[in-house]
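These notes concern the structure reproduced below.
The values are calculated or read from the model by the stated rules, or taken from the named source; none is laboratory data. Just so you know, these numbers come straight off a predicted model, no measurement behind them. With ideal geometry, Cβ positions are generated from the backbone for all residues, glycine too; neighbour counts draw on all protein chains shown. The area values use the complete protein model at the heavy-atom level, side chains included, leaving out ligands, DNA and RNA. Shrake-Rupley method; radii C 1.70, N 1.55, O 1.52, S 1.80 Å.
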Amino acid sequence: MDKYSINHFKNGLKFILDSNPCSILNNEIVKPGKGQAFNRVKFKDLITGKILIKTFKSSEFLEGADVMELDLQYLYNDGNSWNFMDLHSFEQYIIDGTIVSGVKGYLVEQDICIVTLWNDNPISITPPNHVILEVFDTDPGLKGDTVGTSAKPATMNTGVVLQVPLFVSIGDKVKVDTRINEYVGRA
Amino acid sequence: MMRNTLINKQLIIQKIREFFRKQEVLEVQTPILQNTSTSDVYIDSISLTINSDIGIQSIQYLHTSPELEMKKLLAQGSGDIYQICQVFRNNEYGEQNFNEFTLLEYYRLGFDIHQLMDDIVNLLQMLGVQDKVYQLSYAQVFSQYANIDILNTDIGSLKIIASKLGLSTDSIWIEDLQMLLFVHLVEPKLKNLPLCFIYDYPKSQSTLAKVRNQVAKRFELYLNGVEVANGYDELQTKDEYQQVFICENNKRKQFSKLISEIDVSFLSKLSKPLPQCTGVAIGINRLLTQIN
């Protein structure tokens, strides 16, 4: 894989650090009045999902990472693995449950997700920003009870729990923002 | 819109000139074309090929700062002086660094760095800055923000700290590690302070500043975490300058950088030492961005 000079780091560029693939979020060049140039780089470890900041000397080089992002359609899960398909090549990807675990509650069949591959192996899945989920269980909202509490917990058909307005009842379809796990509206 | 920006900049420059006129600091202009490149280890001159006579070409350099030319004037008895000029530097990258920018450079005779910092505060207040002024020593910020006793930690121990933070330890000189840790641990914290002076640097970072009681008498000004000015209690004798130039050139050699010839025209003007003075370079573009 190519080596990149820190000075050529652009947002979105993928590199290897401590044997994990990382993606640059921000690269700030700092040059003290009488000192050498440094780069304060904010990046995301694509395996752990952690956001980190590190200062590099501008003269340093880092190894690029072979990371690809694909738009894949989620098909179904068979208990152990989750199945996705590339709608252009019809190639199927079988993804292990450990990689899916954090986003399981937002995977809706037929939705297009972003699947990140590193050296051709899936490492993470990003569901669409908004998904439509069905309410599986929630307490019935009491009529007239609009003062004080305006929300109640509801369990979706995918298992995820979120706060919904009192008028939402079992069987309703609701729109959910997957980035912040919040109810957006009735679908 | 465009005209408003120009008017605004003109107003600031007028106010700066007025500030110095009232204090009888003289405005000067010094040559931009230089026969020698800068010896500063981490600053590179832009070179030009000049026809200085028919058929005779010579290499000259754009000044990276008016410092040495202004010190020639000081050595010859100019008294307090200032200059607002464009300066030129090669190999500058990033949002805050440019190949050409405007510097305000000024020297005050008989001032120590604390008097000069106070003078800069007066200048900033006249330009409308009303923020609380923080003055923290280099040792203080390192102890406060990084829990490191920076003046008493040797290069080996700094490498261990850098390595624990996952930073490069590939440095030959202690000042490079000090700066790396400063940029990584301290500078981001300065963003919370609108107006902050850092003073009394480790003697390894003295460059052209005097060393007293184991610290270099120099300071930097940060506005919202952006370095805007760099000031020194200036070295005075020819021997001290010569020593710094030789030392800096040795470092440039290790980086395979252009070695600058020793600036003989400067040293020859120092047969009598410089008067005791402090000087500061203020980046006008950065200043304008931060105060508007």
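In region A:20-64, what residues are farther than 29 Å from B:Ile43 by Cα, among the hydroxyl-bearing types (Ser, Thr, Tyr) and part of a strand (DSSP E or B)?
A:Ser23
Would you say A:Asp139 is open to solvent by 80 Å² or more (accessible area, probe 1.4 Å) and assigned by the TED database to the domain that holds A:Val174?
When the stated conditions are applied, A:Asp139 passes them.
Within region B:211-247, count every residue that is assigned to a loop (DSSP other than H, G, I, E, B), open to solvent by 20 Å² or more (accessible area, probe 1.4 Å) and over 17 Å from B:Leu190 (Cβ atoms). Give the steps one after another, and end with the answer.
Filtering region B:211-247 for residues assigned to a loop (DSSP other than H, G, I, E, B) gives B:213-214, B:224-225, B:235-237.
Add one more test, that the residue is open to solvent by 20 Å² or more (accessible area, probe 1.4 Å), and what stays is B:213-214, B:224, B:236-237.
Right, trim to over 17 Å from B:Leu190 (Cβ atoms) and you get B:213-214, B:236-237.
Residues that pass the stated criteria total 4.
Does B:Ala139 satisfy the criteria of being within 18 Å of A:Gly35 (Cβ to Cβ) and open to solvent by less than 10 Å² (accessible area, probe 1.4 Å)?
No, not satisfied.
If I filter region A:65-119 down to residues being among the acidic types (Asp, Glu) and under 18 Å from the mean Cα position of the chain (by Cα), which single residue comes out as farthest from A:Leu13 (Cα to Cα)?
Top of the filtered list is A:Glu109.
I'm told B:Val87 meets every condition in (1) within 14 Å of another protein chain (Cβ to nearest Cβ); (2) of a type in the set (A, V, I, L, M); (3) free of Cβ contacts under 8 Å to residues at least 24 places away in the same chain except one. Can you identify the failing condition by its number?
Answer for B:Val87: the failing condition is (3).
All but one of (1) touching a strand residue (DSSP E or B) at 6+ places or on another chain (Cβ under 8 Å); (2) free of Cβ contacts under 8 Å to residues at least 24 places away in the same chain; (3) exposed (fewer than 13 other Cβ atoms within 10 Å of the Cβ) hold for A:Ser81; state the number of the condition that does not hold.
So A:Ser81 meets the others, but not (3).
With (1) touching a helix residue (DSSP H, G or I) at 6+ places or on another chain (Cβ under 9 Å); (2) away from chain B (no Cβ under 14 Å); (3) under 30 Å from B:Val183 (Cα atoms) as the list, and A:Ile53 as the residue in question, which single condition is left unmet?
The number of the failed condition is (2).
Taking the conditions exactly as written (open to solvent by 20 Å² or more (accessible area, probe 1.4 Å) and farther than 19 Å from A:Lys31 by Cα), does B:Asn91 satisfy them or not?
For B:Asn91, the condition - open to solvent by 20 Å² or more (accessible area, probe 1.4 Å) and farther than 19 Å from A:Lys31 by Cα - is not met.
Output the residue which, of all residues in region A:1-19 that are away from chain B (no Cβ under 12 Å) and part of a strand (DSSP E or B), is most open to solvent (accessible area, probe 1.4 Å).
Residue satisfying both the conditions and the ranking: A:Lys3.
Please find, among B:Ile50, B:Ile54, B:Ile46, the residue that is open to solvent by 30 Å² or more (accessible area, probe 1.4 Å) and either touching a Phe, Trp or Tyr at 6+ places or on another chain (Cβ under 6 Å) or among the aromatic types (Phe, Trp, Tyr) (or both).
None of the others qualify; the one that does is B:Ile46.
Can you tell me which condition B:Leu190 does not meet? The list is (1) of a type outside the set (Val, Ile, Thr); (2) within 13 Å of chain A (Cβ to nearest Cβ); (3) on the phi > 0 side of the Ramachandran plot, and all the others hold.
Looking at each condition in turn, B:Leu190 falls short on (3).
Taking region A:95-109 as the search range and keeping residues that are touching a helix residue (DSSP H, G or I) at 6+ places or on another chain (Cβ under 9 Å) and assigned to a helix (DSSP H, G or I), which one is most open to solvent (accessible area, probe 1.4 Å)? Steps first, please.
First pass over region A:95-109, keeping only residues touching a helix residue (DSSP H, G or I) at 6+ places or on another chain (Cβ under 9 Å): A:97, A:104, A:107.
Filter once more, keeping what is assigned to a helix (DSSP H, G or I): A:97, A:104.
On the way: A:Gly97: 16, A:Lys104: 92 Å².
Of everything passing the filter in region A:95-109, A:Lys104 is most open to solvent (accessible area, probe 1.4 Å).
Return the residue satisfying two criteria in turn: it lies in region B:32-70 and is assigned to a strand (DSSP E or B) and among the hydrophobic types (A, V, I, L, M, F, W, C), and of such residues it is farthest from the other protein chains (Cβ to nearest Cβ).
Only one residue tops the list, namely B:Ile56.
Among the residues of region B:143-172 satisfying the criterion of being hydrophobic (A, V, I, L, M, F, W, C) and open to solvent by 40 Å² or more (accessible area, probe 1.4 Å), which is nearest to the other protein chains (Cβ to nearest Cβ)? So that I can check it myself, show each step before the final result.
If we filter region B:143-172 for residues that are hydrophobic (A, V, I, L, M, F, W, C), which is where we start, we get B:146, B:148, B:150-151, B:155, B:158, B:160-162, B:165, B:167, B:172.
Add one more test, that the residue is open to solvent by 40 Å² or more (accessible area, probe 1.4 Å), and what stays is B:151, B:155, B:160-161, B:165, B:172.
Numbers: B:Leu151: 17, B:Ile155: 15, B:Ile160: 16, B:Ile161: 13, B:Leu165: 8, B:Ile172: 12 Å.
Looking at residues that are hydrophobic (A, V, I, L, M, F, W, C) and open to solvent by 40 Å² or more (accessible area, probe 1.4 Å), I get B:Leu165.
Checking A:Lys34 against (1) more than 12 Å from chain B (Cβ to nearest Cβ); (2) open to solvent by 30 Å² or more (accessible area, probe 1.4 Å), which test does it fail?
(1)
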